[in-house]
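A.B. asks: Just passing along the structure, written as structure tokens.
The values are calculated or read from the model by the stated rules, or taken from the named source; none is laboratory data. These numbers were taken from a predicted model, which means no experiment stands behind them. Every residue, glycine as well, gets a Cβ built from its backbone with ideal geometry; the counts of neighbours run over all protein chains shown.
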């Protein structure tokens with residue numbers, strides 16, 4: 001959802017520069033969380049859904065795997081949130 005907002009800034013700051021900074025911030029956040037999620041893909045040799053299935057199908061409980069799953073899900077959710085935010089900002093910037 002996009003709401004029209006006014007940002008007050010000094011005259012020497014250009015509007016495009018503010019948009020650029022916001023986009024850069026969203027990109028940095030997305031890349032950070034996505035890289036943390038990718039580290040779990042590398043560690044476990046599969047994607048998140050396959051790892052969830054592996055844990056669900058396992059006869060043994062592994063607290064390390066459960067901890068990894070919780071962290072992985074959090075990093076995945078955060079990366080998706082920041083990807084969406086980046087797309088929303090781009091849509092505002094382009095229009």
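A.B. asks: Quick one: residue 26 ticks every box in (1) surrounded by 14 or more Cβ atoms within 10 Å (Cβ to Cβ); (2) without any contact (Cβ under 8 Å) to a residue 12 or more places away in the chain; (3) under 12 Å from the mean Cα position of the chain (by Cα) bar one, so which box is it?
C.D. replies: Exception for residue 26: condition (2).
A.B. asks: Of the residues that sit in segment 74-95 and are more than 22 Å from residue 52 (Cα to Cα) and free of Cβ contacts under 8 Å to residues at least 60 places away in the same chain, which one is surrounded by the most Cβ atoms within 10 Å (Cβ to Cβ)? Lay out the reasoning, then the answer.
C.D. replies: Keep residues of segment 74-95 that are more than 22 Å from residue 52 (Cα to Cα), which gives 82-95.
Filter once more, so that each one left must be free of Cβ contacts under 8 Å to residues at least 60 places away in the same chain: 82-85, 87, 94-95.
Numbers: 82: 20, 83: 17, 84: 12, 85: 17, 87: 12, 94: 7, 95: 6.
It comes out as 82.
A.B. asks: Something else about it: Please work out if residue 17 is surrounded by 13 or more Cβ atoms within 10 Å (Cβ to Cβ) and at pLDDT 90 or above. Spell out how you get there, then give the answer.
C.D. replies: Values: surrounded by 13 or more Cβ atoms within 10 Å (Cβ to Cβ): no; at pLDDT 90 or above: yes.
In short, no.
A.B. asks: Here's a follow-up. With the checklist (1) loosely packed, with under 14 Cβ neighbours inside 10 Å; (2) in a helix (DSSP H, G or I) in hand, flag the one item residue 34 doesn't pass.
C.D. replies: Evaluating residue 34 over (1) loosely packed, with under 14 Cβ neighbours inside 10 Å; (2) in a helix (DSSP H, G or I) leaves (1) as the failure.
A.B. asks: Let me ask something else. When you check residue 41 against the structure, is it assigned to a loop (DSSP other than H, G, I, E, B) and without any contact (Cβ under 8 Å) to a residue 60 or more places away in the chain, yes or no?
C.D. replies: For residue 41, the condition - assigned to a loop (DSSP other than H, G, I, E, B) and without any contact (Cβ under 8 Å) to a residue 60 or more places away in the chain - is not met.
A.B. asks: Next question. Condition (residue is assigned to a helix (DSSP H, G or I) and either surrounded by fewer than 14 Cβ atoms within 10 Å (Cβ to Cβ) or within 20 Å of the chain's Cα centre (by Cα) (or both)) applied to segment 1-13: is it met by at least one residue? Spell out how you get there, then give the answer.
C.D. replies: Initially, segment 1-13 is screened for residues assigned to a helix (DSSP H, G or I), giving none.
No; the residues of segment 1-13 include none that is assigned to a helix (DSSP H, G or I) and either surrounded by fewer than 14 Cβ atoms within 10 Å (Cβ to Cβ) or within 20 Å of the chain's Cα centre (by Cα) (or both).
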